[in-house]
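Structure, as structure tokens:
The values are calculated or read from the model by the stated rules, or taken from the named source; none is laboratory data. Quick caveat, the model's predicted, so the values are computed rather than measured. Methodologically, a virtual Cβ is constructed for each residue, glycine included, from the backbone with ideal geometry; neighbour enumeration extends over all protein chains shown. Ligands, DNA and RNA are excluded from the accessible area calculation, which covers all protein heavy atoms including side chains. Shrake-Rupley method; radii C 1.70, N 1.55, O 1.52, S 1.80 Å.
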Amino acid sequence: MHIHQAVYVISSPEVEKCPAPDRPEYAFIGRSNVGKSSLINMLCKNQKLAKTSGSPGKTQLINHFSIKSSSKEGATDWTQWYLVDLPGYGFAKVSQNQRRQWEKMIENYLRKRENLGMVFILIDSRHEPQQLDLDFVNQLGEWQVPFTLVFTKADKETQRVVAKNVRDFLDAMRKTWQFLPASVVTSVMKGMGRKQILEMIQESNNSYEEGRQVP
């Protein structure tokens, strides 16, 4: 996939105020400070697209970006889709009331957004499996929302540590999951994982278009 254009559209406080669901969209979510904005910018090759911050909890709304892409550079088979930046879950220093509002907003979006093709759950590969991540993964399973695991910051630890943490997370999932979701290991600094994620989105876009053509 080659991305021709990526532009910010709108930040919405609730799913009902999101853009019309007239194209496929892909949401990115993870614990606060997991490197979500940096990953989004890396995927789109635009360092100013999503605002990065050293302060957890910077993203507080449902942020839509309009993406125009083609199957390869130079091709004219353009496809338009949305990339969605969701608030992080976990350690942001906010009130309990604010946190509950975020949780409800995220749940409504994930369960009601009819054009949502995939949720990419970001997990910090530097750490051992965190219960917060496992709980969120299990919740998406209960809601039957399709997702992919994206292990971030692989360049911040040794390859051995990253591989062990990824393996341990998947092993923890195996205790309750019969089939494991797809997973990708990424590094913003090295561009690692970009091709795999964009290929997943391209494949999903193709399926979306095929579905629309069925009478």
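Across the range 108-135, which residue is most open to solvent (accessible area, probe 1.4 Å) among those that are touching a residue at least 24 places away in the same chain (Cβ under 8 Å) and part of a helix (DSSP H, G or I)? Ranking the candidates gives Arg111 first. Taking the stated definitions as given, is Asn33 surrounded by fewer than 19 Cβ atoms within 10 Å (Cβ to Cβ), under 17 Å from the mean Cα position of the chain (by Cα), at pLDDT 85 or above and part of a loop (DSSP other than H, G, I, E, B)? So Asn33 fails the test.
In summary, Val150 fulfils each of the numbered conditions (1) part of a helix (DSSP H, G or I); (2) at pLDDT 95 or above with the single exception of condition (1).
Scanning the range 100-131 for residues that are within 20 Å of Trp143 (Cα to Cα) and among the basic types (Lys, Arg) returns Arg100, Lys104, Arg111, Lys112, Arg113. From the set of residues in the range 74-107 that are more than 12 Å from the chain's Cα centre (by Cα) and hydroxyl-bearing (Ser, Thr, Tyr), which is surrounded by the most Cβ atoms within 10 Å (Cβ to Cβ)? Within the range 74-107, the match that is surrounded by the most Cβ atoms within 10 Å (Cβ to Cβ) is Tyr89.
Among residues of the range 11-23 being at pLDDT below 95 and small (Gly, Ala, Ser), the one that is most open to solvent (accessible area, probe 1.4 Å) is Ser11. Go through the range 12-23 and give me each residue that's touching a residue at least 24 places away in the same chain (Cβ under 8 Å) and part of a loop (DSSP other than H, G, I, E, B). Once the filter is applied, which keeps residues that are touching a residue at least 24 places away in the same chain (Cβ under 8 Å) and part of a loop (DSSP other than H, G, I, E, B), the range 12-23 yields Pro13, Glu14, Cys18, Pro19, Pro21, Asp22, Arg23. If you go through the range 149-164 and pick out every residue that is surrounded by fewer than 19 Cβ atoms within 10 Å (Cβ to Cβ) and not basic (Lys, Arg), you end up with 6. What tally of residues in the range 98-157 results from selecting those that are acidic (Asp, Glu) and either under 17 Å from Leu61 (Cα atoms) or touching an Asp or Glu at 6+ places or on another chain (Cβ under 7 Å) (or both)? Adding up the residues that qualify gives 3. Look through Tyr8, Tyr26 and report the one residue that is hydroxyl-bearing (Ser, Thr, Tyr), open to solvent by 60 Å² or more (accessible area, probe 1.4 Å), out of contact with any His (no Cβ under 6 Å at 6 or more places or on another chain) and touching a residue at least 12 places away in the same chain (Cβ under 8 Å). Every option except Tyr8 fails the conditions.
Matching residues to (1) free of Cβ contacts under 8 Å to residues at least 12 places away in the same chain; (2) surrounded by fewer than 13 Cβ atoms within 10 Å (Cβ to Cβ); (3) assigned to a helix (DSSP H, G or I):
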{"site": "Val166", "(1), (2), (3)": "no, no, yes"}
{"site": "Leu170", "(1), (2), (3)": "no, no, yes"}
{"site": "Trp177", "(1), (2), (3)": "no, no, no"}
{"site": "Leu180", "(1), (2), (3)": "yes, yes, no"}
{"site": "Lys195", "(1), (2), (3)": "yes, yes, yes"}
